[in-house]
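The values are calculated or read from the model by the stated rules, or taken from the named source; none is laboratory data. Source: prediction; values computed, not measured. Glycine also receives a Cβ, built like all others from the backbone with ideal geometry; neighbour counts cover every protein chain displayed.
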Amino acid sequence: MEEVKTVSEMVYIGAGLAVGLAAMGAGIGLGIATKGFMEGAARQPELIENLQSKFILGAALAEACGIYGLLIALILSFK
């Protein structure tokens, strides 16, 4: 196995880690948020409108973390 010789080669490793960890974090966050929304909706169906707006806001924030990871990976790979 050949060793990594330059910093530019290590940038691609960092970009892959950035996008991979960000995607994992966003996926876990969305899963936890969906679980909470579904449990809350099952327990109190009359509050679905209130819960849904909070769920959408939380899902957007979790997804933004994944997009930030992708942005960092793109910045690293094009330098």
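General observations
- Hits in region 45-79 (condition: aromatic (F, W, Y) and either in contact with a strand residue (DSSP E or B) (Cβ under 8 Å, 6 or more places away or on another chain) or not in a helix (DSSP H, G or I) (or both)): F78
- Residue ID - farthest from S77 (Cα to Cα), chosen from residues in region 50-59 that are of a type in the set (A, V, I, L, M) and over 10 Å from the mean Cα position of the chain (by Cα): L51
- Some residue of region 4-12 being in contact (Cβ under 8 Å) with a residue 12 or more places away in the chain and surrounded by 13 or more Cβ atoms within 10 Å (Cβ to Cβ): yes
- Single condition S53 does not satisfy, out of (1) under 30 Å from M10 (Cα atoms); (2) without any contact (Cβ under 8 Å) to a residue 12 or more places away in the chain; (3) among the hydroxyl-bearing types (S, T, Y): (1)
- Listed by first and then second residue, the pairs with beta-carbon distance under 6 Å, at least 6 apart or on different chains, first residue in region 28-42 and farther than 13 Å from A62 by Cβ, second modelled with pLDDT of 95 or more and among the basic types (K, R), form an empty list.
- The set of residues in region 11-44 being part of a helix (DSSP H, G or I) and more than 19 Å from the chain's Cα centre (by Cα) consists of V11, Y12, M38, E39, G40, A41, A42, R43.
- Test for L47: is it surrounded by 14 or more Cβ atoms within 10 Å (Cβ to Cβ), over 16 Å from the mean Cα position of the chain (by Cα) and of a type in the set (A, V, I, L, M, F, W, C): no
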